[in-house]
1. Considering only residues that are in contact with a helix residue (DSSP H, G or I) (Cβ under 8 Å, 6 or more places away or on another chain) and not in a helix (DSSP H, G or I), which ones fall in the stretch 22-57?
2. Could you list, in sequence order, all residues of the stretch 38-89 that are among the charged types (D, E, K, R) and surrounded by 10 or more Cβ atoms within 10 Å (Cβ to Cβ)?
3. Among the residues of the stretch 58-78, which ones are within 26 Å of the chain's Cα centre (by Cα) and assigned to a helix (DSSP H, G or I)?
4. Just to be sure I understand, how many residues within the stretch 7-24 are within 17 Å of Ala35 (Cα to Cα) and of a type in the set (Gly, Ala, Ser)?
Amino acid sequence: MLGLDLTLSLSRQAMIVHHRQRAARMSRDELHQLADELIQRCHQQEHLIMELQKAAANLMVQAALKDAPPLGEPSDEHRRWAQELLGQP
């Protein structure tokens, strides 16, 4: 997908191990609070990802249409098709 490298760096992997070890030592109340924070972050990040995907798609469309010829008036053939579809003589 778009040439993205999703491999985690060694420092990120080490941070994950550290956070997992810290979570293993937390009390039930601390875990509850952490879970609540993570749920909120997850939803915020999902929303951000969706907005960024929309923005990227819009940019891709703009780039594709940049050099496209302008749209003209419908041809007589298109008008006939429209009349047929609408059941008009």
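Computed from the coordinates by the stated procedures, all read-outs in this text should not be read as laboratory data. None of these values were measured; they are calculated from a predicted model. All Cβ positions, even for glycine, are placed from backbone atoms using ideal geometry, and neighbour counts span all protein chains on display.
1. Restricting attention to the stretch 22-57, the residues satisfying the condition of being in contact with a helix residue (DSSP H, G or I) (Cβ under 8 Å, 6 or more places away or on another chain) are 23, 26, 31, 34.
Result: Met26, single match.
2. First, the residues of the stretch 38-89 that are among the charged types (D, E, K, R): 41, 46, 51, 54, 66-67, 73, 76-77, 79-80, 84.
Arg41, Glu46, Glu51, Lys54, Arg79, Arg80, Glu84 - these are the residues of the stretch 38-89 that are among the charged types (D, E, K, R) and surrounded by 10 or more Cβ atoms within 10 Å (Cβ to Cβ).
3. Asn58, Leu59, Met60, Val61, Gln62, Ala63, Ala64, Leu65
4. Qualifying residue count, the stretch 7-24: 2.
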